[in-house]
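Taken together, the values in this text are just the output of simple stated rules run on the coordinates, not laboratory data. Because the structure is a prediction, the values reported are computed rather than measured. In this analysis, Cβ positions are derived from the backbone assuming ideal geometry, glycine residues included, and neighbour counts consider all displayed protein chains.
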Amino acid sequence: MSQESKSTSSRPPVRKAVIPVAGFGTRFLPATKATPKEMFPLVDKPLTQYVVEEAVACGIEEIIFITGQAKRAIEDHFDRNIELEYLLDNKGKKKQLEQVMEIADKADFAYVRQKEVLGLGHAILQARHLIGDEPFLVMTPDDIFSGNGPASQALIDAYEETGTPIVGVQEVPKDRVHLYGIVSGEPVRDGLLKMSGIVEKPDPKTALTNLAQCGRYIFIPEIFEHFAKAEPGPGGEIHITVGTNGLISEGPVHAVTIPNQYHDAGSKIGYLQAIVEFALEREDLGDEFKAYLKKRLADEK
Ligand code: G1P
């Protein structure tokens, strides 16, 4: 059946999410030599937990991590830790006990190893046997959103509206388009575009728009075949864009603007900015931290 002929109601709801976490995190060496980048905290919660909580808030029930060497800490984080629970219980630390216990119950977790690190498209392909015939959300934990509720909800809503695969996008300054997959297409309404294509990290001189994909996607199982037959491009990677362009050649794909504040936590400056944003939002820390920042900046003058 072609995508055009599948009505919105004939597509099942999005229940599964794929989270690729196998990358080496070379931009954060030496910290990432033995510690997964995805476990870096924003204050006291790891990046991956923010992403899992976002997924769960959007109705996701099953989370598939595409993992790799030196990533054991992620599995441990989303599991019970009976010894720690026992200790916290004995010390009467009820709040911390609840915090550590609830993580393992957020969703059903599955782990697949990506044996070679060949890019995000190749990572997503590893989930093929667990996805079956369902649409699925893809989330990269380098891309973090704050404010305005769970960011992936915009994609779920657009999927329910169009019945097509969805790419989450935001505008970036023209001089940063070479860092992202850049989307082009025809506007359907405010914030929704019918895609004509996507180019991975274009030269700012040739980029058709400044709409960047930013780590949230809803795909359909037809994408796997495009990843399976793709040859790794320059840099030895199979990019997500290969699969998205494959889907566009077969039927409609839409891009939706994510209405939240975006933090590129994969870059050092973006990660620092995310820490500041999340710390300022904290009830227990926000005021004190803001006062410190104000004083620190005033001292600069
Ligand atoms: C990856 C993708 C790119 C996307 C970006 C942000 O690039 O290849 O298309 O726009 O993430 O989600 P990376 O930041 O890993 O170089």
Selection from Gly68, Asn260, Gly243, by position along the positive dipole direction of the chain (Cβ): Gly68
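Mind jotting down a quarter of the surface of the convex hull over the alpha carbons of the stretch 129-187, in square nanometres, one decimal?
6.0 nm²
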Calculated FRET efficiency for the pair Ala104/Thr206, C-beta based, R₀ 45 Å, to 0.05: 0.40
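If we count other beta carbons within 10 Å of each Cβ, what is the order of Met195, Met39, fewest first? Display every interim value, and only then the final one.
Numbers: Met195 23, Met39 19.
The fewest-first ordering by Cβ neighbours comes to Met39, Met195.
Give me the mean projected area, in nm² to one decimal, of the convex hull enclosing the Cα positions of the stretch 151-301. List each step's numbers first, then the result.
Details: hull surface 48.1 nm².
Average projection, Cα convex hull of the stretch 151-301: 12.0 nm².
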Span per principal axis, largest first, for the Cα atoms of the stretch 112-215 (Å): 38, 33, 29
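Quick one: work out the % antiparallel among DSSP beta bridges in the stretch 1-140, nearest 5. Mind showing how you got there, number by number?
Details: 2 of 16 bridges.
Once the DSSP bridges in the stretch 1-140 are tallied, antiparallel ones form about 10 percent.
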Which lysines, if any, have their Cα less than 18 Å from the Cα of Lys174, not counting same-chain residues under 8 positions apart? Lys201, Lys205
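Can you give the Rg to Rh ratio for the stretch 179-227, taking only C-alpha atoms and Rh from Kirkwood?
Values: Rg = 12.0 Å, Rh = 12.1 Å.
Looking at the stretch 179-227, the ratio lands at 0.99.
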Suppose we keep just the alpha-carbon trace of the chain; what are its Rg and Dmax in angstrom? 19.9, 65
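If I take R0 = 22 Å and measure r between the Cβ atoms of Val117 and Ala228 in this structure, what FRET efficiency does the formula 1/(1 + (r/R0)^6) give, to the nearest 0.05? Let's see the in-between values first.
Numbers: r = 17 Å, r/R0 = 0.78.
For R0 = 22 Å, the calculated efficiency reads 0.80.
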Which of rounded, prolate or oblate describes the stretch 223-301 when judged by the alpha-carbon gyration tensor and an a/c cut-off of 1.5? prolate
Estimated FRET transfer efficiency when R0 is 35 angstrom, pair Leu285-Lys33 (beta carbons, to 0.05): 0.75
May I ask which of Lys16/Lys229; Lys93/Lys268; Lys45/Lys94 have a Cα-Cα span longer than 27 Å here? Lys93/Lys268
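Could you list Tyr50, Tyr86 so that the one with the fewest beta carbons within 10 Å of its beta carbon is first and the one with the most is last? All intermediate terms of the calculation are to be shown ahead of the outcome.
Working: Tyr50 22, Tyr86 11.
Going from sparsest to densest Cβ surroundings: Tyr86, Tyr50.
Quick check on the stretch 1-116: what are the equivalent-ellipsoid semi-axes from the Cα gyration tensor, as sqrt(5λ), descending, whole Å?
Numbers: eigenvalues 182, 91, 28 Å².
For the stretch 1-116, the ellipsoid semi-axes come out as 30, 21, 12 Å.
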May I ask you to sort Ser152, Ser146 by Cβ crowding, counting other Cβ atoms within 10 Å and putting the fewest first? Ser146, Ser152
Rg(Cα)/(2.2 N^0.38 Å) for the stretch 77-119, N = residue count: 1.61
